[in-house]
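Working notes, structure below.
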């Protein structure tokens with residue numbers, strides 16, 4: 001089993017997160033970012049804006065991990081206390097950074113402030129010995145400090161501010177400090193299969209190889225991942241998996257069918273009309289974007305280059321309890337009609353998600369075959 005100390009912990013601070021007012025998307029996205037580089041995420045903790053609680057969380061994570069990424073609590077208000085908690089844990093004083101303050105003054109003046117709020121001054125204080133991480137997208141700079149052979153990063157909370165700092169600084173530090181465990185990472189999105197259906201077969205194939213596997217249910221997809229340090233074995237395993245999953249993927253297995261369809265519609269010269277009597281508007285809200293809306297006409301008669309009818313899910317709309325329902329997709333192009341009728345699993349409200357992705361898959365693959373896309 002992998003030593004947890006080689007993993008990177010994440011601490012998200014903020015009453016709004018702990019109380020459920022907003023989701024902690026930072027830790028989720030940061031975990032995805034570092035894992036894509038072969039760096040393994042560790043424990044995730046959320047705390048309120050309370051110095052004692054933040055201190056306890058930092059101490060706990062330091063006792064189990066060699067790297068921590070902390071987000072939140074670096075603003076100008078009285079409840080922004082992360083820097084104070086970190087300084088207390090490290091037994092270091094907070095030091096005023098003149099350069100950061102001058103930059104902050106210029107930024108605030110450019111935003112129209114004539115009298116600078118005194119509270120903003122706390123954003124220029126960092127634990128002694130910390131390296132400042134600039135924040136080009138906000139007022140709160142972050143910092144990086146090495147403490148007793150542990151790497152600690154302190155970042156602002158807003159995603160548009162902290163996530164670019166992960167890319168510009170944190171990943172490079174973690175790579176240089178040898179946190180990368182897997183050089184090779186590959187993922188597949190398998191459509192319409194369950195973990196129970198696929199995991200036994202996939203794990204059996206992967207077992208002889210020097211790699212680890214992972215799964216994530218993203219209905220109606222199952223994301224399957226492999227991680228490895230061995231280039232030759234990784235390449236061989238990829239070939240075996242590609243052969244096994246080819247009937248369960250859309251295109252190369254990297255992108256949901258609805259995203260492929262949106263991109264294809266954006267880049268093609270045809271217009272599309274839809275008569276959707278199955279998904280209750282979910283198909284439209286999924287594929288209609290600023291890039292596709294000029295080419296789409298929903299719930300209209302056939303009058304465009306390509307017309308598509310989506311029918312079915314009657315068991316769902318009639319509230320009939322069954323294990324399965326049906327969806328019918330008719331594609332009209334020119335004087336030709338292509339008909340598809342599919343039996344799909346009935347899993348409550350999720351059946352509409354399945355229907356949208358299956359419809360997108362059928363439309364995308366058929367129109368690509370006809371050279372429309």
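The values are calculated or read from the model by the stated rules, or taken from the named source; none is laboratory data. Note that the coordinates shown come from a computational prediction; the quantities given were computed from them, not determined experimentally. Every residue, glycine as well, gets a Cβ built from its backbone with ideal geometry; the counts of neighbours run over all protein chains shown.
Just the residues that are over 17 Å from the mean Cα position of the chain (by Cα) and touching a residue at least 40 places away in the same chain (Cβ under 8 Å), please, taken from the range 160-183. Step through it out loud before you land on a result.
We begin by selecting, within the range 160-183, every residue over 17 Å from the mean Cα position of the chain (by Cα); these are 168-170, 172-183.
Across the range 160-183, the qualifying residues are 170, 174, 175, 177, 179, 180, 181, 182, 183.
Please find, within the range 27-41, the residue that is nearest to the chain's Cα centre (by Cα) out of those that are surrounded by 22 or more Cβ atoms within 10 Å (Cβ to Cβ) and at pLDDT below 95.
34
Is it the case, given these coordinates, that residue 201 is surrounded by fewer than 19 Cβ atoms within 10 Å (Cβ to Cβ), more than 22 Å from the chain's Cα centre (by Cα) and not assigned by TED's automatic domain parsing to the domain that holds residue 72? Quick ask: steps written out before the conclusion?
Numbers: surrounded by fewer than 19 Cβ atoms within 10 Å (Cβ to Cβ): yes; more than 22 Å from the chain's Cα centre (by Cα): yes; not assigned by TED's automatic domain parsing to the domain that holds residue 72: yes.
Yes.
Condition check ((1) at pLDDT below 95; (2) more than 30 Å from residue 246 (Cβ to Cβ); (3) in a strand (DSSP E or B)) across all residues:
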| residue | (1), (2), (3) |
| --- | --- |
| 137 | yes, yes, no |
| 140 | yes, yes, no |
| 164 | no, yes, no |
| 171 | no, yes, no |
| 187 | yes, no, yes |
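Would you tally the residues in the range 8-29 being free of Cβ contacts under 8 Å to residues at least 60 places away in the same chain and in contact with a strand residue (DSSP E or B) (Cβ under 6 Å, 6 or more places away or on another chain)? Even if it seems obvious, please write down each step before you answer.
Within the range 8-29, the subset free of Cβ contacts under 8 Å to residues at least 60 places away in the same chain is 16-24, 27-28.
When the remaining residues are screened for being in contact with a strand residue (DSSP E or B) (Cβ under 6 Å, 6 or more places away or on another chain), the result is 17-18, 24, 27.
Number of matching residues: 4.
Condition first: assigned to a helix (DSSP H, G or I) and either out of contact with any helix residue (DSSP H, G or I) (no Cβ under 8 Å at 6 or more places or on another chain) or modelled with pLDDT of 90 or more (or both). Can you find one or more residues in the range 216-227 that meet it? Break it down into steps so the answer makes sense when it comes.
We begin by selecting, within the range 216-227, every residue assigned to a helix (DSSP H, G or I); these are none.
No.
Looking at (1) part of a helix (DSSP H, G or I); (2) buried (at least 17 other Cβ atoms within 10 Å of the Cβ), which is the only condition residue 152 fails?
Every listed condition holds for residue 152 apart from (1).
Mind listing just one residue for me: the one in the range 235-260 that is in a helix (DSSP H, G or I) and closer than 15 Å to residue 354 by Cα and, of those, nearest to the chain's Cα centre (by Cα)? It would help to see each step written out before you state the result.
Keep residues of the range 235-260 that are in a helix (DSSP H, G or I), which gives 235-248, 257-260.
Then keep just the ones that are closer than 15 Å to residue 354 by Cα; that gives 248, 257-259.
Details: 248: 22, 257: 17, 258: 17, 259: 15 Å.
This residue is 259.
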